[in-house]
Amino acid sequence: MASDSTNKLKARLPRGLKDRGPAELAATRAMLDKIREVFERYGFEAIETPAIEYTEALGKFLPDHDQPNEGVFSFQDDDKQWLSLRYDLTAPLARYVAENFDKLPKPYRSYRYGWVFRNEKPGPGRFRQFMQFDADTVGAASAAADAEICMMAADTMERLGIPRGSYVIKVNNRKVLDGVLEAIGLGGDEQLRQRLTVLRAIDKLDRLGPGGVRALLGAGRKDESGDFTKGAGLAKEQIELVIKYVLARGHGTRNSGGMIEMLGKRALSFISAIDNKPAGGSQTDNRQTLANLRAEFGLNATANEGLDELQQIAELAGAADYKEDRILIEPSVVRGLEYYTGPVYETELTFEVKDDEGRPVRFGSVAGGGRYDGLIARFRGEAVPATGFSIGVSRLMTALQHLGKVDSKPETGPVVVLVLDRERIGDYQKMAAELRMADVRAELYLGDSGMKAQMRYADKRGSPCVVIQGSDERAKGEVQIKDLIEGAKAAEAIASNKEWRETRPAQFSVPEAKLVEAVREVLDRHGIARH
RNA sequence: GCAGCUGUAGCUCAGUUGGUUAGAGCGCCUGACUGUGGAUUAGGAGGUCGGUGGUUCGAAUCCACCCAGCUGUACCA
């Protein structure tokens, strides 16, 4: 093949996608195992659905178009039907349940994880392919199902090593939001656009603070880059009522649980700098929050229904001792605008982290979900109550890495059998085979460099030890085993090269027949598991 | 999508008002230290300066467009 350097193919990955190395794979596997453990403890069972669905099953056709939404990776099948890569695991579950409805036990509780795809702008910890881990209860309308999901979310965070107080499950209810919108006179169909704008504004409380939300509810807001976002154009009284709603959380004490209340984001990093202790351990009282909300919006039937559900969730969770430090009613939680019909939940990490350059990193929510009683009805006509939540595995992984909860050191490598005499490669191969038969990960050096390079190779692989047999050992019927982990420790105390070479630290000879036994001893000494 | 900033070796960066064969540290490879990862030491390989076009006698440096990354914002199932 002609190697024309000007025509070389550039090795590159499309934006928003990522390769993952051995350390990250191992960390992900460990994380998935822990999540699975918790979910199964709650009685959820595993299923898996494919990554591709009919676009219509995902419900993502653009209004007034026969093309799917641009945020979704889509293509046409041979028969011209539109297919899409799934962008979450909830819509596929709805399809699965509808398709197998009569076979499944009800309530039906299942979990699943897998890659999902979104064709949108990537950011730190935000990719176009990422992993989610979902659990859902289908066919249970009771608030107990919602409460249990929230409790499980809390357990999962703790199982992953995030201490209580460093995360919080925020709960709200779409019915309450709808009631508030009705109360300010935005109930009608013709005000749909305005309603959405108001909901989006409410959702931004934790980022922009009350001032920013107020601006977005009114004329609009200009951000630091000078970009202007058009607001909802509400009247003053409407705005104040919404702000009242958004800040209705019961303040047992000031600034606990929600530094958010009075702060724009400039203040936020300041507060976290002086008060970096977990913010969730608050006196904020769910009962007080509910009382505040009932006082203001209790006359609205929709809101009241939602408040009843929130109260049940709080009471059920509280009865199991999941208090406000874990499950907190937060009126500003909105979640997606598409399909939630009742309670919504959002898991947030409450600690701050800095990136490599010392800038604070914002993770946003690492898990979320809610009740979607209408989703399965699209397939079946009758409403099927369902509630569930979804963990953003990839984003949570990024967060845990920042928190130092992820083991980022590479796995221990295999034992390497050095090749000193090229004609005797068969003998070396045999040694490697013997080790493998004894459940020891082992490999033959397959390159063609000298001994020094082979040692460096073993070092780089993270090998616990190497097996050496040159002509000297061969003549005596022995092999040398060099313990690289011990050797590295010994190296620190050795300054001269002469000494380094002559002492041959952590190296010993054994008869050929004892090879396996001796290697196993080295592995055991370092606590390295067999395979 | 919109706005701002950034893009020079594998990594972190330097490169003076546009001026010869584009540099450093670390890393990598090879040799020495009489078959051994560290240390020391000698040498070496890596860059059409993100891409394409333009201005100029001359472009890493100036201009335009494109691509990618970061930050904010919008959207987020």
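With the crude spin-label approximation of a point 7 Å out along Cα→Cβ, what separation in nm comes out for A:Arg200 versus A:Glu315?
The answer from the label model is 3.8 nm.
Can you pull out the GluC sites (Glu not before Pro) in the range A:22-127 that DSSP calls coil and that have at most 15 other Cβ atoms within 10 Å? Numbers along the way, then the final one.
Details: sites: A:Glu24, A:Glu37, A:Glu40, A:Glu45, A:Glu48, A:Glu53, A:Glu56, A:Glu70, A:Glu99, A:Glu120; in loops: A:Glu48, A:Glu70, A:Glu120.
The qualifying sites are A:Glu48, A:Glu70, A:Glu120.
With axes computed from alpha carbons, what is the tilt in degrees of helix A:451-461 against the longest principal axis of chain A, rounded to the nearest 10 within 0 to 90?
The two axes meet at around 20 degrees.
What nm distance separates the two modelled labels at A:Arg530 and A:Lys18, each placed 7 Å from Cα along Cα→Cβ?
Between A:Arg530 and A:Lys18, the label points sit 3.7 nm apart.
Computed FRET efficiency, Cβ-Cβ of A:Glu521 and A:Glu99, R0 51 Å: what is it to the nearest 0.05? Mind showing how you got there, number by number?
Working: r = 56 Å, r/R0 = 1.10.
After rounding, the FRET efficiency stands at 0.35.
Return the whole-Å distance between the Cα centroid of the range A:157-194 and the Cα centroid of the range A:71-98.
Measuring centre to centre over Cα atoms gives 27 Å.
Between A:Ala493 and A:Asp77, 0.36 nm times their residue separation minus their Cα-Cα distance comes to what? List each step's numbers first, then the result.
Details: separation 416, 0.36 × 416 = 149.76 nm, distance 6.66 nm.
Computed gain between A:Ala493 and A:Asp77 is 143.1 nm.
Sequence-distant or interchain residues sharing an amide H contact under 5 Å with A:Thr229, placed H: which?
A:Arg221, A:Lys222, A:Asp223
Quick one: helix A:236-246 against the long Cα principal axis of chain A, what's the angle to the nearest 10°, folded into 0 to 90?
40
Say R0 is 25 Å: what FRET efficiency, to the nearest 0.05, do A:Arg29 and A:Asp459 get from their beta-carbon distance? Write down the numbers at each step before the final one.
Numbers: r = 25 Å, r/R0 = 1.01.
It comes to 0.50.
Leaving out same-chain residues fewer than 8 places away, which aspartates and glutamates sit with a Cα under 16 Å from that of A:Lys452?
A:Asp421, A:Asp483, A:Glu502
What spacing in nm lies between the two simple spin-label points modelled at A:Glu382 and A:Phe228, each 7 Å away from Cα in the Cβ direction?
Inter-label distance under the simple model: 5.4 nm.
Once you sort the root eigenvalues of the Cα gyration tensor of chain A as a ≥ b ≥ c, which label holds: rounded (a/c under 1.5), prolate (a/b larger than b/c) or oblate (the other case)? Working shown, then result.
On the way: a/c = 2.31, a/b = 2.03, b/c = 1.14.
Because a/c hits 1.5 or more and a/b exceeds b/c, chain A counts as prolate.
DSSP loop (so not H, G, I, E, B), at most 16 other Cβ within 10 Å: list which GluC sites (Glu not before Pro) in the range A:137-230 pass both filters. It would help to have the intermediate numbers written out before the result.
Numbers: sites: A:Glu148, A:Glu158, A:Glu182, A:Glu190, A:Glu224; in loops: A:Glu224.
Qualifying residues, ordered by number: A:Glu224.
Among the GluC sites (Glu not before Pro) within the range A:475-531, which fall in a DSSP loop and have no more than 12 other Cβ atoms within 10 Å of their own Cβ?
Working: sites: A:Glu478, A:Glu486, A:Glu492, A:Glu499, A:Glu502, A:Glu512, A:Glu517, A:Glu521; in loops: A:Glu492.
Here the GluC sites (Glu not before Pro) that fit, given the DSSP loop and packing criteria, are A:Glu492.
Please work out the FRET efficiency for the pair A:Glu237 and A:Asp189, using the Cβ-Cβ distance as r and a Förster radius of 25 Å; give the result to the nearest 0.05.
So the FRET efficiency works out to roughly 0.65.
FYI, it's all coordinate maths here, none of it is from the lab. Keep in mind that what you see is a predicted model, and the values were worked out from it rather than measured. Counting neighbours? That spans all protein chains shown, and the Cβs are built from the backbone with ideal geometry, glycine included.
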